[in-house]
1. Do you know which residues across the range 201-220 are surrounded by 12 or more Cβ atoms within 10 Å (Cβ to Cβ) and assigned to a loop (DSSP other than H, G, I, E, B)?
2. Please work out which residue is nearest to Ile312 (Cα to Cα), limiting yourself to the range 41-85 and to residues that are among the charged types (D, E, K, R) and in a helix (DSSP H, G or I).
3. Quick one: would you say Arg247 is touching an Asp or Glu at 6+ places or on another chain (Cβ under 6 Å) and on the phi < 0 side of the Ramachandran plot?
4. Look at Lys199 and say whether it is outside the structural domain of Glu114 (by TED's automatic domain parsing) and under 23 Å from the mean Cα position of the chain (by Cα).
5. Tell me which of these Glu339 doesn't satisfy, since it passes every other one: (1) surrounded by 14 or more Cβ atoms within 10 Å (Cβ to Cβ); (2) modelled with pLDDT under 95.
6. So which residues in the range 227-255 are assigned to a strand (DSSP E or B) and under 28 Å from Tyr304 (Cβ atoms)?
7. Filter the range 116-138 for residues that are in a helix (DSSP H, G or I), of a type outside the set (A, V, I, L, M) and farther than 30 Å from Ile312 by Cβ and give the result.
8. Can you pull out the residues in the range 264-297 that are hydrophobic (A, V, I, L, M, F, W, C) and in contact (Cβ under 8 Å) with a residue 60 or more places away in the chain?
Amino acid sequence: MRERVHRAAVTLLAACAIPGLGAVSPQQPATAQPPAAATSSKPARDEPVAVVNGRPIPLADLIDVLAKIQIPPGSEQQAFESALDYLVNRALLRQFLDETARVTVSADELKKIEDEARAEANRQGTSLESFLADTGTTIEEFRDQIAFERKWRNYVTQQATDSELKAYAEQNKDLFSGAQVRASHILIKLEPNASPEEKEKARQRLLAIRQEIADQKISFADAANKYSEDEGNREQPSGGDLGKFPRRGIYIEPFAQAAFALQKGQLSDIVETEYGLHLILVTDREEGQPIDFERMRNVILNQYAADLQNQIIEQMRKTAQIDLKPMPKDLFQLIPRDESQPAAPAPAAGSATPAGSAPPAQPSR
């Protein structure tokens, strides 16, 4: 199977929700069954599952995230790691807003959002307190949540001037114009923990293949069928053809970035991704439509905010002290479930994206 995208992010209620920059309003909650009564062998909900720059993330937060995602049998460890990664990202973003950017939010702003949430709850025939109780959220947690959301909104608003957004749109015109390329690739796989010697051996092997193609001793398609370790091409040889795809949303960023840097008929240098080393040949290209900034401003703003969020967290992780704890025993017995309500899919591990922003693409086999 070709290396298609399957990265999903856990939704952080309304925090970091940039589309429309609207206020928080309660939605009808799923009715969850309470977890089985805790025993002395089960961890306390305030037990830390991670410590980020000296600040603990409690087990209760992890349980809340895991309760919102589908966890297929056998993927519990991946779900735990993904949810924990999400919580670490959220903690880093909070710390950035509070301690680095020192973003503030007024009491009047927060009161207005809470009043709007109360009015929406009343329209649904309930109260804000009842809604929050049904979702296992205290009013203090709700207020903390909306403060976090509003701080992020205020920070993005400060950064995203029209001149900044226009420059960003121009730098990412392939993304916003709807441009597409059609490409083929040859993959030499590498394990994530491959040694420098293994990487160099794979690189030399791929350079030799590239030279064969450049010398016209073999076509790219024949080379892909002969050498590529892409599982999909091995199962059904297609000359490495991946079909058409847009700038984002289908393939991981290093691969897509390299493909869109090529013109039709151009062969890439070696491109490294988390899956290994690639040669990319662009076989077709559609340039898309001119960008109408006024019409697309919200779309551009949303993606700008997502990228900004990624950049902040990546930078914060470079110096952060992060202590991740092992998965607690019997963790998944503590998670409330409502089988009548569909949950979001479990996210992939290792994302640098906190929930609420558009996630970068990640292929999976």
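1. Ile218, Ser219
2. Here the answer is Asp85.
3. yes
4. no
5. Going through the list (1) surrounded by 14 or more Cβ atoms within 10 Å (Cβ to Cβ); (2) modelled with pLDDT under 95, Glu339 breaks only (1).
6. Listed by number, the residues that qualify are Leu242, Lys244, Phe245, Pro246.
7. Arg118, Glu120, Asn122, Arg123, Glu129, Ser130, Phe131, Asp134
8. If the condition is that a residue be hydrophobic (A, V, I, L, M, F, W, C) and in contact (Cβ under 8 Å) with a residue 60 or more places away in the chain, then Ile270, Leu277, Leu279, Ile280, Leu281, Val282, Ile291, Phe293, Met296 are the ones that fit.
The values are calculated or read from the model by the stated rules, or taken from the named source; none is laboratory data. Bear in mind that the values here come from a model prediction, so they are computed numbers and not experimental data. Here Cβ is always computed from backbone atoms with ideal geometry, including for glycine, and neighbour counts include all displayed protein chains.
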